[in-house]
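The values are calculated or read from the model by the stated rules, or taken from the named source; none is laboratory data. Values in this document were obtained by computation on a predicted structure and should not be read as measured data. Every residue, glycine as well, gets a Cβ built from its backbone with ideal geometry; the counts of neighbours run over all protein chains shown.
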Amino acid sequence: MATITNPQAGTTYNPAPGKDVELKDLKPGATVAVRGLNVGFDIRVADLGVYDYTLTGAPDAQQMVTKPTTTFASKVPLVQPGGRLGGVLGGEAIELSAGATNCTSQRQAQNQIHGSLLVPPNPTNPTPIGG
């Protein structure tokens, strides 16, 4: 079970597992708190960033984490003009595709992708981020 809290409105939702929750009247500066049995994190409405993603350390024989542990401080999607909004949270994902045109209303035949793209092999000597 997870709880979703909108601190601005003072409302807390506790949906059944697998059910969606629709939050209404969120202001751009709002932060939504999501808390579950094993993880907790905040979502900032202004940038859809995920902040303070924390493993709770709840007692469980299969868990290695025994106390609250923050696994990352923030992950914020990068949105640029003419691009697509997409997020890859795993470090193993590779995406290859033609970029969108600057004006997405120009859906014409020449803007469509025809054929396929080859997927490159896994890197043999990757450079760590920030390294």
Val88 - would you say it is of a type in the set (A, V, I, L, M, F, W, C), on the phi < 0 side of the Ramachandran plot and either at pLDDT 80 or above or in contact with a Gly (Cβ under 6 Å, 6 or more places away or on another chain) (or both)?
no
Yes or no: Asp52 part of a strand (DSSP E or B), surrounded by 12 or more Cβ atoms within 10 Å (Cβ to Cβ) and of a type outside the set (Val, Ile, Thr)?
yes
Specify which of the listed residues (Asp47, Asp42, Asp60, Asp25) is assigned to a strand (DSSP E or B) and not basic (Lys, Arg).
Asp42
Within segment 16-32, can you find the residues that are surrounded by fewer than 16 Cβ atoms within 10 Å (Cβ to Cβ) and of a type in the set (Gly, Ala, Ser)?
Ala16, Gly18, Gly29
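Would a scan of segment 60-79 turn up a residue that is of a type in the set (Ser, Thr, Tyr), closer than 23 Å to Ala16 by Cα and surrounded by 13 or more Cβ atoms within 10 Å (Cβ to Cβ)? Lay out the reasoning, then the answer.
Residues of segment 60-79 of a type in the set (Ser, Thr, Tyr): 66, 69-71, 74.
With the extra rule that they be closer than 23 Å to Ala16 by Cα, the set shrinks to none.
No, that holds for no residue.
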